[in-house]
Amino acid sequence: MILLIGAAAIPGCCLVDEDLTNCGWNYSMNYQMLLVTNLTTELNTELSLTEDADIRTALGAKMGEIFKDYANDVDLSFYGLSGEMPRKHHEVQKMDGNRATYTIYLPVDDYMNLSIANLQDNPQVKLENDELCASSTIAQLPYEVKAPVPDTVGIHHTGLFTARLQMTVLSNVDQTFNVHLYMANSGCAFVVDTTGSGVKDLQVVMTGFATRFDLLDSLYHYDNSPVVRTVRLDPGSGSQIAFYSVNFPSPDPNPLDPEATLWEIRTYATLSDDTITETKLLVREPLQAGQFKIIKGTFDASRNGAVIPVKSSKVGASVTLDWQSAGHHVVPL
């Protein structure tokens, strides 16, 4: 919630007989986070068995660091509403909680306020083209050429929250404006049972997610969707491991093609003879902003390194045996 309350005008606007029409005022602004997520439900639904307890606890702890109504910082921009809507005021503040109050001076005028929380500690994304309101966007950084896996990007380090508010600042009038900051990115995890797999090593990446998010109209763009590296999570007990990612959402389903693949999980299993089997898990359910999605899998009983999706009619699979010798190349993590 943002609370703006008219306070004293600056001294230059308080002269007797002066026209106060365009004077500015200091405003107390209270920003509040609002988290709407399915994290707990997804963990308890998809990892509900006794043997899932360890991986559920470990994954819940990691995702709890992302899916939380807490901000370290907040980026505040105020744009004029005329012409190209240029930015009139900008500042970055520490927040350190789920709400904070700041005093900001704004001249009397109409504004569009765009706000982003948790941007500073997230090196995988950047605020770009933010001098004009309509072009302001949070962009996924380009592929990291020198990364452990070339032509991939790392996961987001924070939950990103954004808000927009059109507001009219009046002179010498108490005003209250309410707005919530909602989560703009999402999370997903691949959980696999390694029992009897015969696999020496397993690498997992994901793709199909947005590359940028326009702040004014909350529109995602999917041009050149990146391949995202995952983080391996081994609880230290049990036979299950997880690979998780935090990224922008996937596209929404196309009503004309409801069975189309929206995003992918790609697994690369190294076998005892050092050949590699690639499995593409083709997900037909969208991954939406603020949402966490778990895809479970198990290895094919033939021990060829292929992965089979578990408990999901919305996930298909495409397998390539001896993948590396087919002209591809994997750089180990």
Review point. In what sequence, largest accessible area first, do 244, 70, 27 appear using a 1.4 Å probe?
Key: 70, 244, 27
Check your understanding: Can you tell me the accessible area per residue over the chain, all protein chains present, probe 1.4 angstrom, in square angstrom?
Key -> 46 Å²
Point to revise | Candidate residues 229, 212: accessible-area rank, largest first, probe 1.4 Å | key: 212, 229
Study note, to complete from the structure: Largest-first ranking of 164, 303 by accessible area, probe 1.4 Å, whole protein assembly kept, is 303, 164
Check your understanding: For the chain, what does -39500 (n - 2.57) per DSSP helix run (n ≥ 4), summed and divided by total residues, give at 222 nm, in deg cm²/dmol to the nearest 500?
Key -> -2000 deg cm²/dmol
Revision key, fill the gap. Here segment 268-275 yields Karplus 3J(HN,Hα) values (6.51, -1.76, 1.60; θ = phi - 60°; whole Hz; Gly and Pro given as x) of 10, 9, 8, 8, 4, 8, 6, 6
Practice item. Let me know the charge dipole size of the chain about its Cα centre in debye, to the nearest 20, where only the beta-carbon of Lys, Arg (+1) and Asp, Glu (-1) is charged. Key: 780 debye
Study note, to complete from the structure: Under a 1.4 Å probe, counting only protein heavy atoms, residue 88 has an accessible area in Å², nearest 10, of 120 Å²
Exercise for review: Tell me, rounded to the nearest percent, the portion of alpha carbon pairs in segment 46-194 spaced more than 24 Å apart.
Suggested key: 47 percent
Review point. What share of Cα pairs, in percent, lie more than 28 angstrom apart in segment 163-316?
Key: 34 percent
Practice item. Compute the long axis of helix 53-64 from its Cα atoms, compare it with the longest principal axis of the Cα atoms of the chain, and write down the angle in degrees, 0 to 90, nearest 10. Key: 30 degrees
Check your understanding: Which listed residue (155, 120, 135) has the Cα farthest towards the positive end of the charge dipole for the chain, taking +1 on Lys and Arg C-beta and -1 on Asp and Glu C-beta about the Cα centre?
Key -> 155
Practice item. Rounded to the nearest Å, what's the spacing between the alpha carbon centres of segment 160-203 and segment 237-310? Just the number, please. Key: 21 Å
Exercise for review: With the full set of protein chains in place, find how many percent of the accessible area of the chain is carbon and sulfur; take the probe as 1.4 Å.
Suggested key: 51 percent
**Study point:** Of all DSSP beta bridges in the chain, antiparallel share, percent nearest 5
**Key:** 90 percent
Exercise for review: Return a whole-number percent for the relative contact order of the chain, with Cα pairs under 8 Å and 6 or more residues apart as the contact set.
Suggested key: 17 percent
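The values are calculated or read from the model by the stated rules, or taken from the named source; none is laboratory data. Given the structure is predicted, the values throughout are model-derived calculations rather than measurements. No Cβ is skipped: glycine too gets one built from the backbone with ideal geometry, and neighbour counts run over all protein chains shown. To get the accessible areas, we keep the full protein, side chains included, count just its heavy atoms, and leave off ligands, DNA and RNA. Shrake-Rupley method; radii C 1.70, N 1.55, O 1.52, S 1.80 Å.
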